[in-house]
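Data first, discussion second: the structure below is written as structure tokens.
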Amino acid sequence: MAERASRSTVRLDANVIQRAACAGADPETFFVREADTAAVELAADTAAVELAKDICRGCPVLRECLMQGLRSNDHFAILGGTTPEERRLIRRRVAYRRAVAA
């Protein structure tokens, strides 16, 4: 899992990192394990995912982290309180709304 975490494309802005609720947390907390992947895609209710999301809930830079997560297209990390699958759905909704508005 550490190898996958190191290959992640997410590089959060230094300002976000310093102010984030996760600043002192183990980075592994925010990377979904192989065994949890299917559950995350279906329900996002595994204990590991919920632990990461609990840390995110009160974060003062939650929105900034989510926006960076959406831009990075990361497939592994919990970012901005969302799983990779949840961010994929958000991107699809945004694209749809833009297409409808155009």
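What follows draws every value from the coordinates through simple rules; no lab data is involved. Here the structure is a predicted model, which is why all the values come from computation and not from measurement. All Cβ positions, glycine included, derive from the backbone under ideal geometry; neighbour counts span all protein chains shown.
Odds and ends about this structure:
- Between the amide H of F31 and those of I78, distances stay under 5 Å, these residues lying 5 or more places away or on another chain, with hydrogens modeled in the peptide plane.
- Among 15-27, 79-91, the peptide with the highest mean count of other Cβ atoms within 10 Å heads the list, and the full ranking is 79-91, 15-27.
- Taking amide H as placed 1.01 Å from N in the peptide plane, the amide H of A21 sits under 5 Å from that of V61, each at least 5 places away or on another chain.
- Extension gain (nm, one decimal) between V100 and A14, 0.36 nm per residue minus Cα-Cα: 27.4 nm
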